[in-house]
Amino acid sequence: MANLIYGINFDVLFLIVVIASMVTMFATELMAVVPIATRFKDNKTRVNVLSYIVPVWEVVGTFFVLWLVDMENVIPVLMPSIAYALFPLFAVFIFFLVVRNSFIIYAEFVWHENKYFDERKLYAVYSIATFIMGIMALSVLAAITSGYGVHIYGFVKGSSTSYASSYTNFGVFYSHLGVIGFIIGALILANGIGMVFYRLTDIKTAMGKYLPLILVIIGLAIFMPSYYSISAKDYSVNNAFIVIPIVLALVIPILYAFKGTTHLASYKPFIVILTIISITFLELKAYPYVFGNANMVANIPAVTTDSAMEYLAFIISVVGGIWLVLMMIYYAYVSNHRIARLIPEHKPTAKAPEPKH
């Protein structure tokens, strides 16, 4: 079978990059869940984590909207089937999205001088809601990739079955080891990379140097075989792409462990760009099929739109999408802490004593 990557349409490639950017942006927030929940009283954690999270949580919501708009523009035939099949996951995600948004606002603006709720408790609810959102988001990605327990109908022309008949057997879905490994491995990876992203470990100690690397290795050991198992099929011709995310994921904690490259490794734009590239290649590894183990495998090129009006709307979203991705990288640059700069902050020398008159 010819490699369809060489003939991929720009609109599909853009959608893949948008999904990678959206996952990356949400992943940076998911990385903060453990430190917020366990180390909120630590001043370093508060400064490093909250100074990034508080301005960025609204942008994450913007990426969700962009993803939905682009999905509707690029694969409008498939969207109703996805909506019906994965409705419970989307519903739980949206509910906790509202909880997350509410409690981070309460924590920043409402808690002051409130004797019933303090900032720590409000952020604890925020972190729990974000964690549940993460599980739902990973479940959606695993379902779209694998199709385990997923029954989708109505997107094939001439089909007598309505897309409203689409559903997911979540007992079958969550009983598959590949799905569970995909979710757990991704969460461990996020925790390991998050220690570097937010510079939360003391690199002067052996544990501080190598703990992120250990977690990343464990996460990769669980995540990559799981992802391979839920996406690999006889028709998959892009298996070599899986090597690139492995290498890029290891680069970050390895550089972090060495004094001369610690600042580069924890440089936020550096991590954001590497993560977008990694997730893009994970998606390309499974291209051009989604729901690979469902009763009907969806071929992306076969279900993309050919409507001139929808394509025009897509071009408009491309401009906004590129701008949003660039601003995301720029925000990572602006919000980067001084301790994580490429060049360490220059320490002024002691002021010379003034001459005596």
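The values are calculated or read from the model by the stated rules, or taken from the named source; none is laboratory data. Bear in mind the structure is a predicted one, so any value in this text is a computation, not a measurement. Reconstructed Cβ throughout: ideal geometry from the backbone, glycine too, with neighbour counts over all protein chains shown. Only protein heavy atoms, including side chains, enter the accessible area calculation; ligands, DNA and RNA are left aside. Shrake-Rupley method; radii C 1.70, N 1.55, O 1.52, S 1.80 Å.
Okay, here's what the table says:
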item: Conditions (1) surrounded by fewer than 21 Cβ atoms within 10 Å (Cβ to Cβ); (2) in contact (Cβ under 8 Å) with a residue 40 or more places away in the chain; (3) not aliphatic (A, V, I, L, M): number failed by K121; result: (2)
item: Matching residues in segment 160-191 - criterion: being open to solvent by 40 Å² or more (accessible area, probe 1.4 Å), touching a residue at least 40 places away in the same chain (Cβ under 8 Å), outside any helix (DSSP H, G or I) and over 11 Å from Y148 (Cβ atoms); result: Y167
item: Within segment 51-69, considering residues that are open to solvent by 20 Å² or more (accessible area, probe 1.4 Å) and at pLDDT 80 or above, the one farthest from T130 (Cα to Cα); result: S51
item: From P225, P212, residue being modelled with pLDDT of 90 or more, over 20 Å from A142 (Cβ atoms) and either open to solvent by 10 Å² or more (accessible area, probe 1.4 Å) or in a helix (DSSP H, G or I) (or both); result: P212
item: From the options F131, F90, F96, residue that is modelled with pLDDT of 90 or more, closer than 27 Å to G149 by Cβ, open to solvent by 60 Å² or more (accessible area, probe 1.4 Å) and aromatic (F, W, Y); result: F131
item: Check on I94, without any contact (Cβ under 8 Å) to a residue 12 or more places away in the chain and not small (G, A, S); result: yes
item: Residue satisfying condition, being surrounded by fewer than 18 Cβ atoms within 10 Å (Cβ to Cβ) and modelled with pLDDT of 75 or more, within set T24, T38; result: T38
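Yes/no matrix, rows are residues, columns are (1) in contact with a His (Cβ under 9 Å, 6 or more places away or on another chain); (2) open to solvent by 50 Å² or more (accessible area, probe 1.4 Å); (3) in a loop (DSSP other than H, G, I, E, B):
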site	(1), (2), (3)
T201	no, no, yes
K204	no, yes, yes
I217	no, yes, no
I242	no, no, no
L248	no, no, no
V251	no, no, no
V272	no, no, no
T275	no, no, no
